[in-house]
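The values are calculated or read from the model by the stated rules, or taken from the named source; none is laboratory data. Worth saying up front: this structure is predicted, and the values here are computed from it rather than measured. All Cβ positions, glycine included, derive from the backbone under ideal geometry; neighbour counts span all protein chains shown.
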């Protein structure tokens, strides 16, 4: 039995519909559908890569999700993290959220509670609704350690002031 996500994966692998950077205007809608699991369009992995290389942040986030979820038959958390860092440092709240999660669960990178909290706070500042809720939880979790929040606040200020180029990632 195929789920919509499995059908999407099959479409990626088969490449039923060629997509180029020229029609990348549809990527936003496609990205939203992919993230919410409501995906009917068929875009091959090569098209996502092409759009990502052309600077499309949402296509890059989709690539991160594809590798994070093991959509190509192999789970590649380090590759996913690379894509999420790329978008996080371009200001994507979505990418910032996933970088935070990677520093929290430590599949792709070594666990770092301070960097996890920093990226979660930045993602929340940039409007990611999941990050807004989880940031409050992270702050509460570390409330007994005021130096943790001081480090986070300093890193957030440094990262944001550098336009995400000096974030300790």
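Scan segment 145-161 and give yes if some residue there is closer than 19 Å to residue 62 by Cα and in contact with a helix residue (DSSP H, G or I) (Cβ under 8 Å, 6 or more places away or on another chain), otherwise no. No, that holds for no residue.
Residue 106 fulfils the conditions (1) surrounded by fewer than 17 Cβ atoms within 10 Å (Cβ to Cβ); (2) not assigned by TED's automatic domain parsing to the domain that holds residue 138 except for a single criterion, (2). With the structure loaded, tell me whether residue 165 is under 27 Å from residue 66 (Cβ atoms), surrounded by fewer than 16 Cβ atoms within 10 Å (Cβ to Cβ) and in contact with a helix residue (DSSP H, G or I) (Cβ under 9 Å, 6 or more places away or on another chain) or whether it fails that test. So residue 165 passes the test.
Only one of these is assigned to a helix (DSSP H, G or I) and either touching a strand residue (DSSP E or B) at 6+ places or on another chain (Cβ under 9 Å) or touching a residue at least 24 places away in the same chain (Cβ under 8 Å) (or both): 84, 94. Name it.
Of the residues listed, the single one that is assigned to a helix (DSSP H, G or I) and either touching a strand residue (DSSP E or B) at 6+ places or on another chain (Cβ under 9 Å) or touching a residue at least 24 places away in the same chain (Cβ under 8 Å) (or both) is 94.
Taken residue by residue, segment 122-133 has no member that is farther than 16 Å from residue 87 by Cα, assigned to a helix (DSSP H, G or I) and touching a residue at least 40 places away in the same chain (Cβ under 8 Å). Inspect segment 74-84 for any residue being under 18 Å from residue 126 (Cα atoms) and at pLDDT 95 or above and give the result as yes or no. Yes, because at least one residue in segment 74-84 is under 18 Å from residue 126 (Cα atoms) and at pLDDT 95 or above.
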